[in-house]
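Trainee: One structure coming up, written as structure tokens, with questions to follow.
The values are calculated or read from the model by the stated rules, or taken from the named source; none is laboratory data. Small disclaimer: the values here were computed from a predicted structure and weren't measured. With ideal geometry, Cβ positions are generated from the backbone for all residues, glycine too; neighbour counts draw on all protein chains shown. Just so you know, the surface numbers come from the protein's heavy atoms only, side chains and all, with ligands and any DNA or RNA stripped out. Shrake-Rupley method; radii C 1.70, N 1.55, O 1.52, S 1.80 Å.
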Amino acid sequence: MAKNDYDTILYKLLIYLYACLKREIVFDEDVFNSTVRQCAGNEQYFAEILDMAQAEGLITGVVVTRAWGNELIISSPAEDMKITAAGIHYIKENSQMKKVQETLKNSADIMAKLIGILKV
């Protein structure tokens, strides 16, 4: 599974926000950008993922605006994002999320640490 695959980015997003909700970590924009946002490869793709995740009810607090030319602009601070109950259930029960978790839990980055802390 590629690091810029939709499911991989969504999993990282949800795990990061879940760790913030549980107060296991404090939201840090630099860490968020390096572990979640940059995996998308470009801002348009990341904005699409956020827009879809919010439309599915997995997160809240995101304001994505369509500008001229159908370009997406994230016009809310990243720290305003929150995981919803549906988002928590999604990472715990979705089979694709389990596959991503298995792939990431053996990596040496912060995601592996969060997976271990949260025990999802």
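Trainee: Going by the structure shown, is ASP80 closer than 21 Å to LEU104 by Cα and free of Cβ contacts under 8 Å to residues at least 60 places away in the same chain?
Mentor: No, not satisfied.
Trainee: A further question on this structure: Could you check region 13-33 and list, in sequence order, the residues that are assigned to a helix (DSSP H, G or I), among the hydrophobic types (A, V, I, L, M, F, W, C) and open to solvent by 80 Å² or more (accessible area, probe 1.4 Å)?
Mentor: Within region 13-33, just LEU21 meets the criteria.
Trainee: Continuing with the same structure: How many of the residues in region 34-54 are open to solvent by 40 Å² or more (accessible area, probe 1.4 Å) and either among the β-branched types (Val, Ile, Thr) or touching a Pro at 6+ places or on another chain (Cβ under 9 Å) (or both)?
Mentor: Total satisfying the criteria: 0.
Trainee: Among the residues that make up region 76-90, is at least one of them modelled with pLDDT under 80 and either in contact with an Asp or Glu (Cβ under 9 Å, 6 or more places away or on another chain) or not charged (D, E, K, R) (or both)?
Mentor: no
Trainee: Looking only at residues in region 83-104 that are of a type in the set (D, E, K, R) and free of Cβ contacts under 8 Å to residues at least 60 places away in the same chain, which one is least open to solvent (accessible area, probe 1.4 Å)?
Mentor: My answer is LYS98.
Trainee: Can you tell me which of (1) in contact (Cβ under 8 Å) with a residue 60 or more places away in the chain; (2) open to solvent by 70 Å² or more (accessible area, probe 1.4 Å) is the one TRP68 doesn't meet?
Mentor: (1)
Trainee: Starting from residues that are among the hydroxyl-bearing types (Ser, Thr, Tyr) and outside any strand (DSSP E or B), keep the ones in region 34-68 and report whichever is farthest from SER95 (Cα to Cα).
Mentor: Only one residue fits best here, namely SER34.
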